[in-house]
Structures are given as C-alpha cells and as structure tokens.
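Undergrad: The structure that follows is given in the form of structure tokens.
The values are calculated or read from the model by the stated rules, or taken from the named source; none is laboratory data. In this text the structure is predicted, and so the values were computed from the model without any measurement. Note that we place each Cβ from the backbone using ideal geometry, even for glycine, and neighbour counts take in every protein chain shown.
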Amino acid sequence: MSFFRFDSLFQNQGWISPAYVGVDEKGIIKYLSSEKPDSDQVEIVEDFALPGFQNAHSHSFQYAMAGLAENHPAGTADDFWSWREEMYKCALSVNPEQAEAIAAMLYAEMLRVGYTHVAEFHYLHHDNLGKRYANLAEMGERMIAAAKTAGIKITLVPVFYQKGNFGQDPQPRQRRFISKKVDDYFQLLQAGEKVLKNYENASLGFSVHSLRAVNLNDVKTTFNGANKNLPFHIHVAEQKKEVSDCLAFSGKRPMQWLLENLPVDERFHLVHSTHLDDVELKKLADSKANVVLCPSTEGNLGDGIFRMKEFVKLGGHWSIGTDSHIGLNPLEEFRMIDYRQRLITNQRNTFEGDAAAYMINKSVASGRKAMGIHSKNNFEIGSPFDAVVFNSKTHLLSETSEKNRLSTLLYTSDSSRIVGTIVNGRWAVKQQHHHNGAAIKIKFSEAMRQLKNR
C-alpha cells in the first residue's frame, strides 16, 4: 500500500487536515485519516484535495467545432436550431479514427481541469452514409479507447435516436444517429456492453435522446426493456419550441409526459430540463430524479435558465456536464449556475449556507449516480481514490481560513490553480502536464488538419 499526505482533503462534512490516504495497487482507498500511518511510503502533497468532478453529459465529437459557430452575420437569426445544422455538418464529417483522436484530446483536457469520470452521451453510431458498421459498436468502442488513452473513467451511454421531430421521419443529416426500431437500438446497446471489456474503467448507461427523437410508445418500451440497474439519460425541455411541439403532438409538455408515463426516480438523469412549469418542477424534485445542467453550453445555445433556486429549495438533485464543450472548467459551470440565479432574482443567496460546499457535494454525488455509482461521502474506504488537487500556496488561498477556503477556491480560482488530477490513486495530470499529452496532441492535430473545418 502507498500513501499520500495532503494539507487538507474535503469531505461532505468539511475538511480533514492533514489528510492521509492509503491506496492499494488498484488505487482503492484502504486508509483515510488525519493520523499518520505506520509507513515510510508517503508522498507529501502540500495542497488541497477535492473529489474528482463528474462530467455527466458529453458529446465528444462536438469538441471539433467548439468556437466555430460564433460568427453571426447582421440581419440573420441564430438560435439552437440553426446551430444544430452546423453540428450536423460536423457529425457527418468525422470518421472513426478522427472521432477517437478528438475524444482523447477532450478527455485529456477534462482531466486537466479536474474531471475524473465522463458520461459520453453517444449517438454517432453509423458511417457517414448512415450504414451500420460491421462492428455495431465501432464508434462507441472508439470512445472507450479514447478514454483509456487519456486515463479518464467513462460511462458509455448509447443513445436511441429514431425521429426527426414529433411524428416526423428523420432528416438525411441525422442518418448517422438513427435506429429505426427498438430492437435495433437494443442491438447497439448490447454491442456497446460487449466492448466495455476493453477498459476496466468503462461502464454502461442507456438513453433515449429526447421525446422528439423517439416514438412515444417506443420510449416506454425502451425504458421497460433495459437492464434495471443502468442509469437512464434523456434530454428534456431544452427549448421552448420543443415544449410547444410536444404539446401540439401529445397534448402534454415534455416533462409532464415523462412524469406521467415513466416511473421517474433517481435512475433518471434529465439533461437541461430548462423550461418547466410549477407543477413539473415540484413533481420532478419529489421524484428524486437528477437534472443534468450544462451551463456553458446552455448559455452558448441560448437555451434559457433552469429554475435552480426553486429546485434546490424543493430538495432537488442535480449534476453538471459540458455537453458541446464550448466550456470545460467545472468551477466556471458552478459559478454560472449561481450567478444566473442572482441575476434573475436580484438576490445573492441562491443556496443556503456554504454555497461552494453544497455545489461540490451535490454535483459529485448526483454525478456519480449518472455513472451508476452510489456513494455517501466524497472519499470512502473501499472506493477508488479519484481527486483533483488545488495549489494551497496561491496568494488568496494561502491567507484564507479553513472556513472560507472552499468558497475562495470555487469563486475565485481557474484551472491554473490545479496542481494535478489523480485517478485510481495515480497522477493522470501533474503540474498541468498530462502523462500521455504529447501523443494525444499529435493525433488530435492530425485529425483536425484532415477535417479542415477550423
């Protein structure tokens, strides 16, 4: 067993100072205490350890177009739906090798900013003509290979995508996503499960893209037919048009339909959930389902603002994701969640008590659920040691009391304050350098030169 000694380590209840963590050869925590162990194999880290952040929503291929849809000609309208057309162009241009290279670069960057686990919401299934690969999980296997190369944990979430909108056939530009029947999707899901063997840090979830993307009866059939132990992910009520289209088609709002037709509970990870009425918000909180918020993407796409302050007062559960990856820094995601509520309420107390502690504890616990993992504390005996380590010697943190340390870190820091990221008890990134970063960057650059989209 090997040991780390941190100046402080953050648990749900507060800081342990100093903190000794002992891990076995697989990176599983076997010792956790403020008392020094009887060992000479102690790595001294004079910094602050937080739990590794959980990225509960990712479309990795979209990283290739990050920043490319920000030129808005005068006199034209630009919203989510026009952005989506640009995304389709990107989706149709990426081959398996390029997709893997892009994902590996993205995942390495996630590690650099403190994420240790990602849920890959994966719907780029087929070739650019819409034909199935001989290996049904070709593209999913590439995501797992990318995660292995980068050293991040991954929950592969193969997505059922069937329709172009409520009651409409899919568009030609969506051809890489489409499974025509429920059985076709389950074949993809089973193929995805088989390739998990390639990486010990890979797991499985399942998904319906959204109510507008799958026949409503097939949504129910898919949920009821899947493994009851898998986390279920779905986009819900991201856009106002989606809400009005759902009403016109079914007589129900998207969240209303979901709550009335499926047994919504803590297995559910409802991405965005932006446009909810009072009844939906209350029922959602009561269900114990988890909302996945992606603030940088939601802001970039002009989605709207989730009713976070009200949801939290109702006892709601939530996590964070980076979705299109226009932004990656988890601290920025937290700040955006809080500041948007302050702007629309003209009040500063979005959360009661220690806002930073609440956001980190809640997002980590719910984010782990999105990966199929349940935990009671940030770090636990018998669980893998995954952490992000912040520099304790920066001018503000070095002069800040323990009481104000976490809020200072969350509200004032950026990624340059990160000393490194630990996955399974080993440094994946240290002093801003990824252990495999040079090779990952070479392949990423080659892929981008081939795509010629930048």
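Undergrad: Here's a check for you: in region 397-454, which residue that is among the basic types (Lys, Arg) and touching a residue at least 24 places away in the same chain (Cβ under 8 Å) is farthest from Tyr199 (Cα to Cα)?
TA: Once the filter is applied, the top-ranked residue is Arg405.
Undergrad: Among Gly302, Gly321, which is touching a residue at least 40 places away in the same chain (Cβ under 8 Å), closer than 22 Å to Arg84 by Cβ and surrounded by fewer than 20 Cβ atoms within 10 Å (Cβ to Cβ)?
TA: Gly302
Undergrad: Pick out the one residue from Lys309, Lys252, Lys283 that is crowded, with 16+ Cβ neighbours inside 10 Å, in contact with a Leu (Cβ under 6 Å, 6 or more places away or on another chain) and not aliphatic (A, V, I, L, M).
TA: Lys283
Undergrad: Mind listing whichever residues of region 32-60 are in contact with a Gly (Cβ under 8 Å, 6 or more places away or on another chain) and buried (at least 16 other Cβ atoms within 10 Å of the Cβ)?
TA: If the condition is that a residue be in contact with a Gly (Cβ under 8 Å, 6 or more places away or on another chain) and buried (at least 16 other Cβ atoms within 10 Å of the Cβ), then Leu32, Pro37, Leu50, Gly52, Phe53, Gln54, Asn55, Ala56, His57, Ser58 are the ones that fit.
Undergrad: Here's a follow-up. Do you know which of the residues in region 199-222 that are of a type in the set (S, T, N, Q) and not in a helix (DSSP H, G or I) is farthest from Lys369 (Cα to Cα)?
TA: Ranking the candidates gives Asn215 first.
Undergrad: Out of all the residues in region 68-78, is one or more at pLDDT below 95 and either in contact with a Phe, Trp or Tyr (Cβ under 8 Å, 6 or more places away or on another chain) or not assigned by TED's automatic domain parsing to the domain that holds His122 (or both)?
TA: Looking for residues that are at pLDDT below 95 and either in contact with a Phe, Trp or Tyr (Cβ under 8 Å, 6 or more places away or on another chain) or not assigned by TED's automatic domain parsing to the domain that holds His122 (or both), one finds at least one in region 68-78, hence yes.
Undergrad: Given the options Tyr115, Tyr31, Tyr20, name the one that is among the aromatic types (Phe, Trp, Tyr) and within 30 Å of Gly140 (Cβ to Cβ).
TA: Tyr115
Undergrad: While we're on this one: Search region 70-85 for residues that are within 16 Å of Ser296 (Cα to Cα) and pair each with any residue that is surrounded by 13 or more Cβ atoms within 10 Å (Cβ to Cβ) when their beta-carbon atoms are under 7 Å apart and the residues are at least 6 apart or on different chains.
TA: Listed by first residue and then by second, the contacts come to Phe80/Gln239; Phe80/Leu301; Phe80/Asp303; Trp83/Ala69; Trp83/Leu301.
Undergrad: What about Val157, is it in contact (Cβ under 8 Å) with a residue 40 or more places away in the chain and within 24 Å of Phe390 (Cβ to Cβ)?
TA: Considered against the rule, which asks whether it is in contact (Cβ under 8 Å) with a residue 40 or more places away in the chain and within 24 Å of Phe390 (Cβ to Cβ), Val157 comes out as no.
Undergrad: In region 163-185, what residues are out of contact with any helix residue (DSSP H, G or I) (no Cβ under 6 Å at 6 or more places or on another chain) and within 16 Å of Lys220 (Cα to Cα)?
TA: Within region 163-185, Lys180, Lys181, Asp183, Asp184, Tyr185 meet the criteria.
Undergrad: Could you tell me which of the residues Asp338, Asp323, Asp303 is of a type in the set (D, E, K, R) and under 16 Å from Leu410 (Cα atoms)?
TA: Just a single option satisfies the conditions, and that option is Asp338.
Undergrad: Next question. If you check Val364 against the conditions, is it of a type outside the set (Ser, Thr, Tyr) and outside the structural domain of Tyr107 (by TED's automatic domain parsing)?
TA: Taking the combined requirement at face value, the residue does not satisfy it.
Undergrad: If Gln62 satisfies all but one of (1) in contact with a strand residue (DSSP E or B) (Cβ under 6 Å, 6 or more places away or on another chain); (2) closer than 30 Å to Leu451 by Cα, what's the number of the condition it fails?
TA: In the conditions (1) in contact with a strand residue (DSSP E or B) (Cβ under 6 Å, 6 or more places away or on another chain); (2) closer than 30 Å to Leu451 by Cα, Gln62 misses (1) alone.
Undergrad: Another one. Does Glu402 meet the test of being over 30 Å from Leu204 (Cβ atoms), touching a Gly at 6+ places or on another chain (Cβ under 9 Å) and among the acidic types (Asp, Glu)?
TA: Here the answer is yes, as Glu402 does meet what is asked.
Undergrad: Can you tell me which of Ser210, Ser296 is under 23 Å from the mean Cα position of the chain (by Cα) and within 30 Å of Asn135 (Cβ to Cβ)?
TA: It is Ser210.
Undergrad: Hey, another quick one. Are there any helices (runs of 4 or more DSSP H) wholly within region 74-157 with 3 or more residues that are closer than 28 Å to Glu333 by Cα and among the aliphatic types (A, V, I, L, M), and if so which?
TA: Ranges flagged: 96-112, 138-150.
Undergrad: For region 400-424, give me each residue that is of a type in the set (Ser, Thr, Tyr), surrounded by fewer than 13 Cβ atoms within 10 Å (Cβ to Cβ) and in a loop (DSSP other than H, G, I, E, B).
TA: Hit for region 400-424 is Ser401, nothing else.
Undergrad: Please indicate, with yes or no, whether at least one residue in region 112-128 is at pLDDT 95 or above, at positive phi, surrounded by fewer than 23 Cβ atoms within 10 Å (Cβ to Cβ) and not assigned by TED's automatic domain parsing to the domain that holds Ser415.
TA: Looking for residues that are at pLDDT 95 or above, at positive phi, surrounded by fewer than 23 Cβ atoms within 10 Å (Cβ to Cβ) and not assigned by TED's automatic domain parsing to the domain that holds Ser415, one finds none in region 112-128, hence no.
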